[in-house]
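Below you'll find the structure, written out as structure tokens, and then a few comments.
Values quoted throughout were computed directly from the atomic coordinates according to the rules given, and no laboratory measurement underlies them. Just so you know, these numbers come straight off a predicted model, no measurement behind them. Cβ: placed from backbone, ideal geometry, glycine included. Neighbour counts: every protein chain shown.
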């Protein structure tokens, strides 16, 4: 085990082995397609190069030849020239509670992360086949067992001179909130009173520099309640439908949730819903 070889160099390794249940595939919108992932949103290669699920980022002028060759062979290839920092951990993903923001990925299945074997293990990962990840956290090595999932989660490859990517650093300057009725907590339901529906789905909640709450769904939300004789009810929307777009914007964007929340008396918006295997466009009239 790689942890053993590093222990001999004077680093203490705290072992942690946990198994998590696999998730099923989800309906995705826009250009996002279901993919096998670990629920780690940003993988950052400080001073080096990243190849993450086919996307790449490097501080040099070009990707190293070995990573370029791997990308040409595999659609969702992974590979690293340095040990990457892990950021944007999904709160409902397979690494939630196991991986922390700013952990460094040292090895996969005991193979150092910069080796071809570690990259291939990540490239070929599948639900039901856990990966052993070796992490470095505050100078201490930790082993965690993670079961990959299939989801619509978006993964970003990042590279730069700092250990924290710029966009993550921006998020650190904001603070989450659940106090405003317009900004629901990351868990639970979101009720749209005028439309007459309640949606369930994992949410992103942020506060911008001026203190205003901004939020959106991380995954396509499912409708859990339709109030009788509401605009949604009159439009034929039913419990169990998935709401994909509002006023032309995906519900996985701030613009989409804002458009749905902005429905008022005397106004109307078009929404796209999926009922079973069929998708349809309907109009919600605010009355």
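With both labels modelled 7 Å from their Cα along Cα-to-Cβ, the residue 255 to residue 69 distance reads 4.3 nm.
Between residue 166 and residue 101, the simple spin-label model (points 7 angstrom out along Cα→Cβ) gives 1.9 nm. The stretch 35-103 and the stretch 218-287 have Cα centres separated by 35 Å.
Highest mean first, the peptides 237-247, 265-275 sorted by other C-beta atoms within 10 Å per residue fall in the order 237-247, 265-275.
Relative to the 2.2 N^0.38 Å rule of thumb, the stretch 189-285 has a C-alpha radius of gyration ratio of 1.02. Ranked by the mean number of other Cβ atoms within 10 Å of their residues, highest first, the peptides 132-139, 150-157 fall in the order 150-157, 132-139. With each label modelled as a point 7 angstrom along the Cα→C-beta vector, the residue 214-residue 229 pair spans 3.9 nm.
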